[in-house]
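Below: the structure, in structure tokens.
The values are calculated or read from the model by the stated rules, or taken from the named source; none is laboratory data. Remember, predicted model here, so these are calculated numbers, not experimental data. Methodologically, a virtual Cβ is constructed for each residue, glycine included, from the backbone with ideal geometry; neighbour enumeration extends over all protein chains shown. These area figures cover heavy atoms from the full protein model, side chains too; ligands, DNA and RNA do not enter into them. Shrake-Rupley method; radii C 1.70, N 1.55, O 1.52, S 1.80 Å.
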Amino acid sequence: MNNRRDFLKKMMAGTAAAVAAPSILAGEAMASAANASKADLTGPKAELLVKERGLPITGAFLDEISHDIPHQNWGLAEWDQDFQNMKAIGIDTVIMIRSGYRKFITFPSEYLLNKGCYMPSVDLLDMFLTLADKYGMKFYFGLYDSGKYWDTGDMSHEVEDNKYVIDEVWEKYGSKHPSFGGWYISGEISRATKGAIDSFHTMGKQCKDVSGGLPTFISPWIDGKKAVAAAGASLSKEEGVSVEAHEREWNEIFDGIHDVVDACAFQDGHIDYDELDAFFTVNKKLADKYGMECWTNAESFDRDMPIKFLPIKFDKLRMKLEAAKRAGYDKAITFEFSHFMSPQSAYLQAGHLYDRYCEYFGIDVPTIG
């Protein structure tokens, strides 16, 4: 009996060792893989081939009233976090791109509500100003956009509505928030649009008069090959404006508005990447001629993709910022951080763009998320 019992013990021990061996080996393999992964994460970062950095982004639009970008439905907590995200990479200026578009508005304007606009659930204007106060940023107020200009090409409606909106906003918010630092004349044009000079001048003058001379700026688009309708399927058109025609038309516009418009931030996404230097040089030349600041609106969404709109490929953004620096631009702002660059954006790619941007400029920010 003893011999038989010893024999069974030996058999069971051998079987257990055979079963355990693969498990032990698997555990060792998993540990080895984990260590390798840790080594990858803590090892040297990929070396950047570019040695000269572009113009850093120090301003961002806040787009809560849009017609072609989905809402993220953020509340105060999410917006507070995003102001922190912006502050971490050196953004010191935020711009409400428009205070209303057609019937949707960002604040309970008595004038616009009486015109048939919808009551917002929260006062976004007060929220943004309060956050800008908190984080030491300058806030630019974007004027109301009735949408009628886009339907008719007539800017007189924008002038009429903003007569009341400008006064109302300054009285209710402007003097109460130290961050209220300027005005964004939100009408977007690209060429010598009929009535644009008079309209911009009228609105710019009123903004300055009511606020004691606070700065104003515009952000037009260049009528390049990629200046196509956002709702259309096409990504480009046959002909874009020539550099010569662009210079001639904007010389006329700047001549008529420079006394009430302090800066111009041309949108940079409607021209090709090998056209950047030519157009940027002209923009800077004209701004200097009329004593205006030359900014760039560095679009952080991709106009080259069939899906409209997704976060831009980092190298495209990099090339645009580098061209702005070569041209001697004064400031770079972006449309639009919260959707296309924020670590908490609904688009996963936006957080990766944020990371690549930080690597490029050598910004050390804590990992978020």
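Among the residues of region 93-114, those that are assigned to a loop (DSSP other than H, G, I, E, B) and over 30 Å from P56 (Cα atoms) comprise R102, K103, F107, P108, S109. The number of residues in region 59-111 that are among the polar types (S, T, N, Q), farther than 28 Å from W150 by Cα and under 13 Å from the mean Cα position of the chain (by Cα) comes to 1. Scanning region 46-92 for residues that are assigned to a helix (DSSP H, G or I), in contact (Cβ under 8 Å) with a residue 40 or more places away in the chain and not acidic (D, E) yields a total of 9.
Here the condition is being acidic (D, E), over 23 Å from E64 (Cα atoms) and at pLDDT below 95; of D355, D364, D288, it holds for D364 alone. Filtering region 245-301 to residues that are acidic (D, E), in contact (Cβ under 8 Å) with a residue 12 or more places away in the chain and under 26 Å from E336 (Cα atoms) leaves D262, D268, D272, E275, D277, E293, E299. Pairing each residue of region 160-183 that is closer than 13 Å to Y140 by Cα with any residue that is open to solvent by 80 Å² or more (accessible area, probe 1.4 Å), provided the two are 6+ apart or on different chains, yields C-beta distances under 6 Å for G181/K138.
Residue under question is F314, and the condition is that it be under 15 Å from L55 (Cα atoms), in contact with a helix residue (DSSP H, G or I) (Cβ under 6 Å, 6 or more places away or on another chain) and touching a residue at least 12 places away in the same chain (Cβ under 8 Å); does it hold? Judged against the criteria, F314 is a match.
A quick yes/no check of all residues on (1) over 18 Å from R102 (Cβ atoms); (2) modelled with pLDDT of 95 or more; (3) in contact with a helix residue (DSSP H, G or I) (Cβ under 8 Å, 6 or more places away or on another chain); (4) not in a helix (DSSP H, G or I):
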residue	(1), (2), (3), (4)
F139	yes, yes, yes, yes
Y149	no, no, yes, no
D154	no, no, yes, yes
S175	yes, no, no, no
P178	yes, yes, yes, yes
G181	yes, yes, no, yes
I189	yes, no, yes, yes
T193	yes, no, no, yes
F200	yes, yes, yes, no
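Identify all residues within region 289-317 that are open to solvent by 40 Å² or more (accessible area, probe 1.4 Å) and over 20 Å from I95 (Cβ atoms); write none if there are none. Answer for region 289-317, where residues must be open to solvent by 40 Å² or more (accessible area, probe 1.4 Å) and over 20 Å from I95 (Cβ atoms): K289, G291, R303, D304, M305, P306, I307, K308, K313, D315. Put simply, of Y101, Y164, Y111, Y135 the only residue that is in contact with a helix residue (DSSP H, G or I) (Cβ under 9 Å, 6 or more places away or on another chain), open to solvent by 10 Å² or more (accessible area, probe 1.4 Å) and closer than 21 Å to I218 by Cβ is Y164.
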